[in-house]
Structure formats: structure tokens, C-alpha cells
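Q: Structure incoming, see below.
Each value in this text was obtained by applying a stated rule to the coordinates, not by laboratory testing. Note that the structure is a prediction, hence the values are computed from the model and not measured. Because the Cβ atoms are built from the backbone with ideal geometry, glycine has one as well, and the counts that use them run over all protein chains shown.
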């Protein structure tokens with residue numbers, strides 16, 4: 001209206017004015033608009049024609065169609081000789097606006113369909129392959145599940161909210177599911193068996209912030225439930241074992257993640273028995289740390305000593321103390337496995 005200098009009205013197909021440059025006309029019946037909707041053709045109203053069209057003013061009225069269907073009628077008030085050359089421009093503008101809304105709604109509908117389908121698969125519900133096919137999801141591609149959690153409202157607004165539209169533009173094959181206002185589950189294509197969180201952080205352009213936590217599950221094909229559960233357990237175990245860390249990957253916590261997923265009862269107490277006895281001793285935590293570095297060093301005394309910055313004989317002494325206190329020898333592969341499980345499942 002500012003551009004053309006004339007009032008514009010928008011009418012529903014039944015002739016009711018729903019928007020107007022003259023607010024007092026909103027809600028009134030526009031008989032000419034109803035006729036335009038019925039015939040599907042423009043109608044020019046001169047001043048001398050007003051008796052034939054109650055509720056109308058001189059001007060041009062045109063049908064607005066979207067996808068081949070009548071959506072509304074748009075009218076430009078004024079002398080037909082003055083406003084007729086604006087008519088097509090106004091009509092095309094209205095159609096473009098409505099088509100854009102329709103596209104946005106279609107995109108949002110498809111997004112909801114994808115989210116509901118993928119979430120059902122994550123929960124282990126039976127989802128027919130044809131559903132994935134209809135949504136253009138290739139089940140044979142290898143993917144990794146990423147669980148992104150933000151811990152502050154500021155991060156929700158600045159990172160999580162704009163992330164989804166950014167992903168849709170840059171990662172066409174990405175799948176996203178909102179688990180909660182602060183958790184977003186993503187499935188991205190992965191070309192590695194053990195996906196790296198740092199690579200995904202760069203791929204998603206995630207800023208380095210203390211209020212953003214990322215957990216990456218095991219790579220998979222078809223089995224969305226495994227991908228989701230491995231990422232979820234990785235986040236829970238990683239946060240418990242290393243609260244200061246902001247990125248976790250499944251392969252680093254494989255044993256504790258698998259153990260956590262089994263939800264054990266008395267078995268956990270049984271596995272922890274050797275460690276519990278050790279922790280009762282004065283230097284229990286020190287011996288446990290030495291044992292953990294010994295395992296990390298693949299049983300190499302010299303490498304373990306370097307990590308701990310002590311003499312190799314000190315490492316041997318501490319490991320013998322572990323044996324005497326637990327009854328399990330770190331130098332026996334079978335007994336070392338039990339000790340490692342006790343450490344991993346703490």
C-alpha cells in the first residue's frame with residue numbers, strides 16, 4: 001500500500017474481508033469478491049457499477065491461487081484506470097507470500113514426520129522400512145548418534161535454537177530429534193567406525209563453551225536404537241567419570257557404557273568387591289591410580305612409570321600391594337581383567 005498509494009483488501013473465498021487498508025471494513029461482506037471466487041476471473045468495478053455490488057468500492061479484484069487452488073481474493077481500491085496496472089503485481093506478490101507459507105508448513109510437517117519416525121525407531125518400536133523410504137532416509141548409510149546437551153538457558157537461545165536450521169541447510173542427510181528443551185539428538189553420516197567428537201564439533205560449528213556437552217555413540221547402520229542408547233549411555237557415564245570434560249566418545253568408555261546399559265544389580269557389588277577392599281587402605285586411591293595407568297600402558301612398567309613420573313620399582317611395589325590387598329594379581333591376564341572391570345564400572 002505504501003508503494004502503490006492505494007488501499008488493498010484481502011477477502012476469503014466466501015467474500016468476507018479479512019484484511020484491509022480500511023480497518024472498519026474488516027469482517028464485512030464483499031459481494032464482488034465472492035463472485036470472483038466463484039468464477040475464478042478478475043472483476044473490474046467502476047463507480048457506476050457500485051449498485052450491483054453491495055459492500056464494494058471502485059477498483060480491481062483478482063483471484064489468488066496457490067497450487068492450482070483458490071486461496072483468497074485481493075482487491076485494490078481506486079479508479080480502475082489508475083490501479084489496473086498494479087493489479088498483477090499485487091496478485092503475484094500475494095501468491096508468492098502464500099506459497100512461501102505453504103512451503104514452510106510443508107517443511108515443518110516433513111520435519112515432524114522425520115522426528116516422530118526416528119524417535120519411534122530409537123525407542124525400539126517397529127517401524128516399517130517403507131516409512132523411511134517415503135521420507136528419503138537411506139537405512140544402508142552408516143551413521144553416528146550425537147547427543148548434544150546444553151546446561152544454560154543462554155546456550156539454548158544462542159546455540160541450540162539456531163542449530164537446527166543451520167544443520168538443515170548444510171547437512172541435507174542429517175536427522176534431528178528434540179528429546180527435551182536442552183537436549184538434541186542428531187544422526188549424521190559417519191565414514192569411521194569410531195566417530196570423533198572434535199570432528200563433529202567442527203562440522204556443526206559448535207563454539208567452545210563450558211555449557212555445551214557432546215556425546216558420540218557407536219557408528220551403526222539401520223539400528224537407530226543402538227545408536228541412540230550408546231550415545232545416551234556415553235553421556236551419562238562420561239559425565240560421571242570425568243565431569244570437567246565436555247566431549248565424550250563411545251569407544252573410550254566402551255566397557256562402562258555397555259555395563260551401564262545392562263543396569264546390573266548384585267553383579268555390580270560383586271565386581272566392586274576387590275576395589276572396595278583396596279579403598280579401605282590408607283593409600284588405596286594411589287594404588288588404584290597406578291593400576292589404571294598400568295592398564296592404560298598395556299602392562300608396560302616403564303611406560304606406566306613415565307606417566308606417573310616415578311621409578312619403575314615404585315610401580316612394581318604398588319602393583320604388588322594391589323595383589324596383596326585384593327588377592328588378584330595385575331600380572332595375571334585373567335585376574336587383571338577382573339581388576340579392570342572393577343575400575344571401569346566404578
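Q: By how many degrees, between 0 and 90 and to the nearest 10, does the Cα long axis of helix 333-344 differ from the longest principal axis of the chain?
A: Roughly 40 degrees, rounded to the nearest 10.
Q: Where the centroid of each part is defined by its Cα atoms, how far is the stretch 226-281 from the stretch 73-129 in Å?
A: Result: 48 Å between the Cα centres.
Q: Work out how much length residue 139 to residue 280 would gain on full extension: take 0.36 nm times their residue separation and subtract the Cα-Cα distance, in nm to one decimal.
A: On the way: separation 141, 0.36 × 141 = 50.76 nm, distance 5.13 nm.
Extra length available between residue 139 and residue 280 comes to 45.6 nm.
Q: A further question follows. For the ranges 161-171, 180-190, what's the packing order if you count other beta-carbon atoms within 10 Å of each residue, average per peptide, and put the highest first?
A: Details: 161-171: 12.8, 180-190: 18.5.
So the order, starting with the most tightly packed, is 180-190, 161-171.
Q: So for the chain, averaging the separation of alpha carbon pairs under 8 Å that are six or more residues apart and normalising by length, what relative contact order in percent results?
A: 10
Q: Please report how far the C-alpha centroid of the stretch 135-158 lies from that of the stretch 289-346, rounded to the nearest whole angstrom.
A: That distance is 38 Å.
Q: Residue separation times 0.36 nm, minus the C-alpha to C-alpha distance between residue 273 and residue 340: what's the value?
A: 22.9 nm
Q: Consider the candidate values [x] 5, 18, 17, 14, 14, 11, 6, 5, 6, 3, 1, 0; [y] 6, 25, 31, 21, 10, 4, 2, 1, 0; [z] 4, 18, 24, 25, 19, 8, 1, 0, 0; state which one is P(r) over Cα pairs in 10 Å bins from 0, in percent computed from the structure displayed.
A: Identified label for the calculated read-out: [x].
Q: How much of the DSSP bridge set in the chain is antiparallel, in percent, rounded to the nearest 5? Please list the in-between numbers first.
A: Details: 37 of 40 bridges.
If we restrict to bridges inside the chain, about 90 percent are antiparallel.
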